[in-house]
Amino acid sequence: MIKLLLGNEALAQGAIDAGISGVYSYPGTPSTEITEYIQKSKTAKELNIHSKWSVNEKTAMEAALGMSYAGKRAMTVMKHVGLNVAADVFMNMSISGINGGLVVVVADDPSMHSSQNEQDSRNYGRFAMIPILEPSNQQEVYDITKYAFYLSEQMGLPIMIRMVTRLSHSRTGIEVSERKLQNKINLPKTPHQFQLIPIYARNRYQHLIEIQTDSKESSENSLFNKYIDGPNTSIGIIASGIAYNYVLENFEDDKCPYPILKISQYPLPKKQVKKIFDKCKKILVLEDGAPFIEELVSDYFSEHKKVIGRLTGHVNRVGELNPDNIANALGFNDKITEDIPSIVTGRPPELCVGCAHRDLFEAINKLKKENSQQQVFGDIGCYALGVLPPYESINTLIDMGASINMAKGASDAGIHPSIAIIGDSTFTHSGMTGLLDAVIENSPITVIISDNSAVAMTGAQDSAASGRLINICKGIGVDKNHLKIITPLHKNLDKNIDIIRNEINYKGTSVVIAQRPCVQLSKDKKDKIKKEQQMILN
Amino acid sequence: MKTNIILAGVGGQGILTIATILDTAALNSNLNIKQNEVHGMSQRGGAVLSHVRISNKEIFSDLIPLGKADIIISIEPMELLRYLPYLKKKGYLVTDSNPFMNITNYPELEKLYSEIKSHPNTILIDAKAIAKQLGNSKATNIVLLGAVAHLLPLSDESLQTAIKTLFEKKGERIINKNLEAFNKGKEITSNLVL
């Protein structure tokens, strides 16, 4: 049967058809639609497949590991920077290995369309010494996902599927096949496998090293890696994942004259690489993201006599690949195209009309006029747009939860006022622990939680913070006299400024919760949230 | 046969609705389709685009190479011009004439229109006014789709069926409004001499 699916949806369908019992994720572009598809799937509901959002990527991955421990197949999904949050369990579960098939899906964002960096997750896969799968098109996304669970159980290891934005967010017809039944509960048989105290961990690490041979063998024989011969051996092309697709685009009407090695499974199949290496005068490496393969296949002192790619300037060092920069790398640069007329101006993203963050930034900017020393530490979410005109209210934006800790560190250094602005979902994701640090030292910072009761930037998913923020702050130990609730509306501007100013002047940790539901939510949902908030206040 | 279409506009103007109709119509006509879209940060009031590729052969790249677009359809006149580097020689430009002015340095309208008209094969129409006349200003995108229908490798019937499928859950009235918008768009271009 052919289904019209986004790359992300093809992955989700592949996971359902591979017989998963649960998906654990935190939303993040470009990965979000994978979990959403499973949440909306009737089949998934009938099969009782777990799909509720987790609080962050670490809790998600650990829960997936728990399901795998019980013998069932589980998947965990995140954007590339989410893997930084989950890195602790990620690095250790390759040592423990898995029981039921466990697949880690990481969606990278080359060109940083919606991210603060373009880190390449293949480095993490190699770091953890686990197999990585990198599909080249959406049909392969579906097929490779089903294969990933099989490979995971065969190797006893978690498997990484690496997606990139363009693969995730393109729609096409996908041929789907039959669904495998879910695993039954089946506890691990290997003694001490999941007990990583040093004495057992050393054994497990030794085991991980030993099975690298099997992992390499699996890559050499993988259906997803393939060598395609060509008569012109002046160049051999090694193309991984989506780059392979772009190479084919450039030869759509003719056969590519150069030998190509397509890579979709790692560790790199060394024998196949050697074959193309020996056969061709030069090797052009095409890969989306970092020069990961290129660094592996270039000699340490080679001066790049033979291998060309991103490191040699034949392909752009930063930013995503596309059919055009690959055409250039292949020597097709004779295209004449029209320029963008000079009257066209930029149109950056902006906060929605009526958004509560707008009213908050207005208040923050008025306070800045009163005290030019004021520094505002921002966080990840729609409110990151407060960096841009017209507000320019935020001085920093680094990673999930950084606002509170950076405000504390700056305050320790003597900065005052030191303000953190963090969204409700980002606060429960990574802000709570930082607030505890501040409370322990009663650091003179003001934490403003801009609570729109949604994970707004990724499409207004449910926030774990909804209805819980006040109790969380109290529980962490915030002084109840310095825990304030405001409603960011224009009519409340002066009142809100007074409240925030008072808290800034307090020489201790204060929290202001700026509460108003995201304008993207339906009216029913907004009403429900407002009602709940009113009940809590009463 | 391969047709490459760039859909352009500002976040929230209904580009993905056009894309979905094209996808469905192509798939039901046994053609291959690839359609790339933008999710995440840039959706918020920023410039958005979608690449749509329809072919009877296998389609590789999700992105249309520069200089290979047969048609650029835009729901906003300045956004049309942003993607000119994608346009094929003798390719078509189709846009609604109503500017979306959420920026302070928006170009002067007259200059903008004359820049657009300086290109051959241009269809510049007030699709919004037509949609409004039909009592559904939300259907501006569907009017535009009708206006380009004759340039697409898809039959009118397949597009109309796709519109019905897309709006199925919203009921008969909404389906008919959108079919009406599509047909009105078609009428306009059939009266234009290109």
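The values are calculated or read from the model by the stated rules, or taken from the named source; none is laboratory data. All figures in this text were calculated on a predicted structure; none of them were measured in a lab. We place every Cβ from the backbone using ideal geometry, glycine too, and count neighbours over all the protein chains shown.
For segment A:304-312, check the following and say yes or no: at least one residue is surrounded by fewer than 18 Cβ atoms within 10 Å (Cβ to Cβ) and either assigned to a strand (DSSP E or B) or at pLDDT 95 or above (or both). No, there is no match, as no residue in segment A:304-312 is surrounded by fewer than 18 Cβ atoms within 10 Å (Cβ to Cβ) and either assigned to a strand (DSSP E or B) or at pLDDT 95 or above (or both). Set side by side, the residues A:478, A:512 differ, and just one is touching a strand residue (DSSP E or B) at 6+ places or on another chain (Cβ under 6 Å), at pLDDT 95 or above, among the β-branched types (Val, Ile, Thr) and assigned to a loop (DSSP other than H, G, I, E, B), which is A:478.
Could you list, in sequence order, all residues of segment A:104-156 that are more than 14 Å from the chain's Cα centre (by Cα), aromatic (Phe, Trp, Tyr) and within 13 Å of residue A:267 (Cα to Cα)? Residue satisfying the conditions is A:127 alone.
The set of residues in segment A:500-522 being buried (at least 17 other Cβ atoms within 10 Å of the Cβ) and without any contact (Cβ under 8 Å) to a residue 60 or more places away in the chain consists of A:503 alone. Looking at residue A:447, is it buried (at least 22 other Cβ atoms within 10 Å of the Cβ) and either aliphatic (A, V, I, L, M) or in contact (Cβ under 8 Å) with a residue 12 or more places away in the chain (or both)? Answer is yes for this residue. Under the condition of being assigned to a helix (DSSP H, G or I), buried (at least 24 other Cβ atoms within 10 Å of the Cβ) and either within 14 Å of another protein chain (Cβ to nearest Cβ) or out of contact with any Phe, Trp or Tyr (no Cβ under 8 Å at 6 or more places or on another chain) (or both), the residues counted in segment A:27-64 number 5. So, in segment B:68-87, of the ones that are more than 7 Å from every other protein chain (Cβ to nearest Cβ), closer than 23 Å to residue A:165 by Cα and in a helix (DSSP H, G or I), which residue ends up farthest from the chain's Cα centre (by Cα)? Only one residue fits best here, namely B:86. Within segment A:73-98, the set of residues being in contact with a Leu (Cβ under 8 Å, 6 or more places away or on another chain), among the small types (Gly, Ala, Ser) and assigned to a helix (DSSP H, G or I) comprises A:94, A:96. Does segment A:269-282 include one or more residues that are away from every other protein chain (no Cβ under 14 Å), under 17 Å from residue A:245 (Cβ atoms) and not in a helix (DSSP H, G or I)? No - not one qualifying residue is present in segment A:269-282. Selection over segment A:112-134 of residues that are touching an Asp or Glu at 6+ places or on another chain (Cβ under 8 Å) and more than 19 Å from residue A:399 (Cβ to Cβ) gives a count of 1. When restricted to residues that are at the interface with chain A (Cβ under 8 Å from one of its Cβ atoms) and surrounded by fewer than 17 Cβ atoms within 10 Å (Cβ to Cβ), segment B:109-120 contains 1. Being buried (at least 21 other Cβ atoms within 10 Å of the Cβ) and in a loop (DSSP other than H, G, I, E, B) is a property that residue A:453 has.
Okay, residues lined up against (1) surrounded by fewer than 16 Cβ atoms within 10 Å (Cβ to Cβ); (2) among the acidic types (Asp, Glu); (3) touching a residue at least 40 places away in the same chain (Cβ under 8 Å):
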| site | (1), (2), (3) |
| --- | --- |
| A:128 | no, no, no |
| A:179 | yes, no, yes |
| A:204 | no, no, yes |
| A:217 | yes, yes, no |
| A:221 | yes, no, no |
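Of the residues making up segment B:37-67, those that are under 19 Å from residue B:159 (Cα atoms) and under 19 Å from the mean Cα position of the chain (by Cα) are B:50, B:51, B:52, B:53, B:54, B:55. Quick one: what pairs do we get from segment A:372-394, first residue more than 12 Å from chain B (Cβ to nearest Cβ), second assigned to a helix (DSSP H, G or I) and among the hydroxyl-bearing types (Ser, Thr, Tyr), C-beta under 8 Å, 6+ apart or different chains? Taking only residues 6 or more apart or on different chains, the pairs are A:377/A:403; A:378/A:403; A:379/A:403; A:379/A:426; A:394/A:383. The residues listed here are A:491, A:525; of these, the one that is over 25 Å from the mean Cα position of the chain (by Cα), surrounded by fewer than 18 Cβ atoms within 10 Å (Cβ to Cβ) and more than 30 Å from residue A:60 (Cβ to Cβ) is A:491. Comparison of A:315, A:344 shows that the only residue that is in contact with a Leu (Cβ under 7 Å, 6 or more places away or on another chain) and free of Cβ contacts under 8 Å to residues at least 12 places away in the same chain is A:344. When B:128, B:90 are screened for being surrounded by fewer than 16 Cβ atoms within 10 Å (Cβ to Cβ) and either in contact with a helix residue (DSSP H, G or I) (Cβ under 7 Å, 6 or more places away or on another chain) or in a strand (DSSP E or B) (or both), only B:90 passes.
This table checks each residue for (1) part of a strand (DSSP E or B); (2) not hydrophobic (A, V, I, L, M, F, W, C).
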site	(1), (2)
A:103	yes, no
A:107	yes, no
A:146	no, yes
A:153	no, yes
A:171	yes, yes
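Residue count for segment B:42-67 under the criterion of being small (Gly, Ala, Ser) and more than 7 Å from chain A (Cβ to nearest Cβ): the result is 2. Looking only at residues in segment A:161-173 that are more than 13 Å from the chain's Cα centre (by Cα) and buried (at least 24 other Cβ atoms within 10 Å of the Cβ), which one is farthest from the other protein chains (Cβ to nearest Cβ)? Result: A:167. Of all the residues in segment A:327-368, those that are within 9 Å of chain B (Cβ to nearest Cβ) and assigned to a helix (DSSP H, G or I) number 1. Number of residues in segment A:395-407 that are of a type outside the set (Gly, Ala, Ser) and more than 22 Å from residue A:118 (Cβ to Cβ): the value is 4. The single condition among (1) in contact with a Gly (Cβ under 6 Å, 6 or more places away or on another chain); (2) over 22 Å from residue A:252 (Cα atoms); (3) at pLDDT below 90 that residue A:300 does not satisfy is (1).
Here segment A:231-260 is the region considered, the condition is being in contact (Cβ under 8 Å) with a residue 24 or more places away in the chain and among the charged types (D, E, K, R), and the residue that is farthest from the other protein chains (Cβ to nearest Cβ) is A:255.
Please verify whether residue A:93 is touching a strand residue (DSSP E or B) at 6+ places or on another chain (Cβ under 8 Å), free of Cβ contacts under 8 Å to residues at least 60 places away in the same chain, of a type in the set (A, V, I, L, M, F, W, C) and crowded, with 24+ Cβ neighbours inside 10 Å, treating the condition exactly as stated. So residue A:93 fails the test. Residue pairs whose Cβ atoms lie under 7 Å apart, sitting 6 or more positions apart in sequence or on different chains, and linking a residue in segment A:1-18 that is within 11 Å of residue A:180 (Cβ to Cβ) and more than 9 Å from chain B (Cβ to nearest Cβ) to a partner that is part of a helix (DSSP H, G or I) and of a type in the set (Gly, Ala, Ser), are A:16/A:44.
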